[in-house]
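Below: one structure, written as structure tokens.
Every read-out reported here was derived from the displayed coordinates using simple, explicitly stated rules and does not represent laboratory data. Computed from a predicted structure; not experimentally measured. Here Cβ is always computed from backbone atoms with ideal geometry, including for glycine, and neighbour counts include all displayed protein chains.
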């Protein structure tokens, strides 16, 4: 399977180009989600999603899809918004990409 790269445009034309693998964006999102309280990554394997975090390029946007489990007894909308904001901020800070769309899919719950 070929690795897809996203090319970063830099202001200095003489320095060359920087290509980031889609796996970089997936790893940043996964690390960010692990730090959020009351959220877990969706499990992988039989009867579950293939990957809890996936990334693709649509037009000029990087679309990150995140499948998570949320703890019972918390506000789903607040936690989902927090996940979206933190993943977007982390990707923007670490890669300088601003055109990032973060889709959060709550696929289940877990008990603390």
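By other beta-carbon atoms within 10 Å, ranking 40, 98 with the fewest at the front produces 98, 40.
Of the labelled options (1) 35, 27, 27; (2) 65, 24, 18; (3) 54, 30, 22, which one gives Cα extents along the principal axes in Å as computed for this structure? Among (1) 35, 27, 27; (2) 65, 24, 18; (3) 54, 30, 22, the one derived from this structure is (3).
How do 25, 109, 97 rank when sorted from fewest to most other Cβ atoms within 10 Å of their own Cβ?
Ordered from fewest to most neighbouring Cβ atoms within 10 Å, 25, 109, 97 come out as 109, 97, 25.
Contact order for the chain, expressed relative to its length and based on alpha carbon pairs under 8 Å spaced 6+ residues apart, stands at 25 percent.
The length gained by stretching the chain between residue 24 and residue 37 to full extension, at 0.36 nm per residue less their Cα-Cα distance, is 2.4 nm.
Among beta bridges from DSSP that stay inside the chain, the antiparallel ones total about 55%.
Neighbour counts of other Cβ atoms within 10 Å put 17, 111 in the fewest-to-most order 111, 17. Compared with the dominant Cα axis of the chain, that is its longest principal axis, helix 22-34 is turned about 40°.
On the beta carbon distance between residue 17 and residue 82, with R0 = 25 Å, the FRET formula returns roughly 0.15.
Here the relative contact order of segment 45-101, from alpha carbon pairs under 8 Å that lie six or more residues apart, stands at 32 percent.
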